[in-house]
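Novice: Sharing a structure below in structure tokens format, with a few things to ask.
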Amino acid sequence: MQYYSDMFGFKVRLRGSSKKREMAFLYLEKQPSMEIELIRDIDPIGEYNKSGVVNHLAFTVDDINQTISHYEKKGIKFLSIQPQSTLEGGLMILFYGPNGELLQLIERVRN
């Protein structure tokens, strides 16, 4: 949770736990209707916790090169040396979050 706050500016809306899991709901002040729900099972059962259902989480940015430089200074190691082209003609780059989750920065094509 701290990673998403420190790296991307997410704020905690709600945090709690039960005997089975810890949960946190994060949001951005500029987009309060969109949330990230982080769940950590205290006693993981099966492979679901490792693979999950979601392939990756993408963050749209205005300037991908400036954003890459910013996050490299914060210690992020990207999976490629430079951004790759998207199907729409934009740019994207991948990296891993603190628990091995696949994350992506994407600069969309401006019309």
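The values are calculated or read from the model by the stated rules, or taken from the named source; none is laboratory data. Just so you know, these numbers come straight off a predicted model, no measurement behind them. With ideal geometry, Cβ positions are generated from the backbone for all residues, glycine too; neighbour counts draw on all protein chains shown. For the accessible areas, the whole protein counts, side chains as well, though only heavy atoms, and no ligand, DNA or RNA atoms are used. Shrake-Rupley method; radii C 1.70, N 1.55, O 1.52, S 1.80 Å.
Novice: Around residue 86, which amide H atoms from residues at least 5 apart in sequence, or from another chain, sit under 5 Å from its own amide H, with H modelled in the peptide plane?
Specialist: HN-HN under 5 Å from residue 86: 91, 92.
Novice: Please list 1-14, 91-104 highest first by mean number of surrounding beta-carbon atoms within 10 Å per residue.
Specialist: Top of the packing list down: 91-104, 1-14.
Novice: Now a separate question. Where nothing but the Cβ of Lys and Arg (+1) and of Asp and Glu (-1) is charged, how large is the charge dipole of the chain around its Cα centre, in debye to the nearest 20?
Specialist: Approximately 280 debye in magnitude.
Novice: Further question on the same structure: So what's the angle, to the nearest 10 degrees on a 0 to 90 scale, between helix 64-73 and the longest Cα principal axis of the chain?
Specialist: 50
Novice: Another one. Tell me the per residue accessible area of the range 60-111 using a 1.4 Å probe; a whole number in Å² is fine.
Specialist: Accessible surface, normalised per residue, equals 70 Å².
Novice: Pop out the carbon and sulfur fraction of the accessible area of the chain as a percent, whole number, probe 1.4 Å.
Specialist: Of all accessible area on the chain, carbon and sulfur atoms account for 50 percent.
Novice: Can you give the FRET efficiency to the nearest 0.05 for residue 69 and residue 18, using r as the Cβ-Cβ distance and R₀ = 35 Å?
Specialist: The pair residue 69/residue 18 has a calculated efficiency of 0.30.
Novice: Still on this structure, please answer the following. Given [x] 70; [y] 52; [z] 61, which label gives percent of Cα pairs over 17 Å apart as computed from the coordinates?
Specialist: [z]
Novice: Further, regarding this structure: Can you pick out the pairs among 11/73; 30/74; 19/73; 11/77 whose Cα atoms lie more than 31 Å from each other?
Specialist: 19/73
Novice: Multiply the residue separation of residue 5 and residue 88 by 0.36 nm, subtract the distance between their alpha-carbon atoms, and state the gained length in nm to one decimal.
Specialist: Going from the current span to full extension adds 26.9 nm.
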